[in-house]
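Report on the structure given below.
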Amino acid sequence: MSRRLQINWFETISIISFLGILLVKKYRHDSLNLHGAGKHLAKGEASRILCHLVIEEVLAEEVKKNYLYGSVSSVLKVNESKEPDHHCGGKKFII
């Protein structure tokens, strides 16, 4: 006899957030100097900064569509073709 597990959106986000924390600790991202540097920013302000970095082609947005499940996911990555310009503070941004 199988039981269907029902999880609401808040629980799903909590699980994903918890898994993200585990990955941060596993790969030791929490030991980097700038880890948590934008924690003081409001969500709208952080979103505006990320949009600006995408427009400036510092970040590249990769969108994946899963037609089977009807989901869309988006990932921001460093634009590798422009990375040498930005590495170690090589380029400054005024936002």
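The values are calculated or read from the model by the stated rules, or taken from the named source; none is laboratory data. Only a predicted model underlies this, so the values are computations on that prediction, with no experimental measurement involved. All Cβ positions, glycine included, derive from the backbone under ideal geometry; neighbour counts span all protein chains shown. For the accessible areas, the whole protein counts, side chains as well, though only heavy atoms, and no ligand, DNA or RNA atoms are used. Shrake-Rupley method; radii C 1.70, N 1.55, O 1.52, S 1.80 Å.
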Study note, to complete from the structure: Here FRET efficiency (C-beta to C-beta, S71 to N33, R₀ 25 Å, nearest 0.05) is 0.10
Study note, to complete from the structure: Surpassing 23 Å at the alpha-carbon level, of the pairs K43/K77; K26/K77; K25/K64; K39/K77, are K25/K64
Review point. Between K92 and L50, what length in nm is gained on full extension when 0.36 nm per residue of separation is reduced by their alpha carbon distance?
Key: 13.6 nm
Point to revise | Where segment 26-70 is the region considered: accessible area per residue in Å², 1.4 Å probe | key: 92 Å²
